[in-house]
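Heads up, the thing below is written out as structure tokens.
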Amino acid sequence: MAIKSFNRDSAAPNCEVNMTPLIDVSLVLVVMLILATPLAFESRIDVNGAAKTGRQAEVEKKSERIEIIIESDENVRVNQTQVPRAALQSALMPLLEAGVDHGVFVGCEPGVSHGTFVDVLDQAKQSGATEIAVFDL
């Protein structure tokens, strides 16, 4: 096997810069800029157009819970206040007329008759309650 010997004077080292990766990266950047330029000019929000088509937000009513517990055929509790069943409408009217969206929750002690329970529901409805829910004690 022959050993080749290099003479320093005969072969000069290859000191050229490889331009291919530099050109590839530059072309990719140019293409990205060409594609992104129209998006920068066309992506905007037309605030005046949105204001013309918008509408006024509805004012939400505060909600307050009114709790009625039927203790016996003659007595009920309205928000922890003892009230005779005959005066239930007069006790509910001021609470319901306060301009607040009320949810009326009706609970019943065991042993109270079905007719009493239905009568309390009717009185709450006649007093102006729009939403009535029944819960178990």
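The table below gives the values:
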{"item": "Some residue of the range 101-122 being among the aromatic types (Phe, Trp, Tyr), under 15 Å from Ile69 (Cβ atoms), in contact with a Gly (Cβ under 7 Å, 6 or more places away or on another chain) and open to solvent by 50 Å² or more (accessible area, probe 1.4 Å)", "result": "no"}
{"item": "Single residue of Val100, Val104 found to be β-branched (Val, Ile, Thr), under 21 Å from Ala133 (Cα atoms), touching a strand residue (DSSP E or B) at 6+ places or on another chain (Cβ under 7 Å) and modelled with pLDDT under 70", "result": "Val100"}
{"item": "Flag for Pro38 being exposed (fewer than 10 other Cβ atoms within 10 Å of the Cβ), part of a helix (DSSP H, G or I) and at pLDDT 90 or above", "result": "no"}
{"item": "Residue satisfying condition, being at positive phi, modelled with pLDDT of 65 or more and surrounded by fewer than 10 Cβ atoms within 10 Å (Cβ to Cβ), within set Gln80, Gln56", "result": "Gln80"}
{"item": "Residues that are crowded, with 16+ Cβ neighbours inside 10 Å and either more than 19 Å from Asn75 (Cβ to Cβ) or hydrophobic (A, V, I, L, M, F, W, C) (or both), drawn from the range 123-137", "result": "Ala124, Ala129, Ile132"}
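The values are calculated or read from the model by the stated rules, or taken from the named source; none is laboratory data. Computed from a predicted model, the values in this text were never measured in an experiment. Here the Cβ is made from the backbone with ideal geometry for all residues, glycine too, and neighbour counts use every protein chain on show. When the accessible area is computed, the model is the full protein with side chains, heavy atoms only, and any ligands, DNA or RNA have been set aside. Shrake-Rupley method; radii C 1.70, N 1.55, O 1.52, S 1.80 Å.
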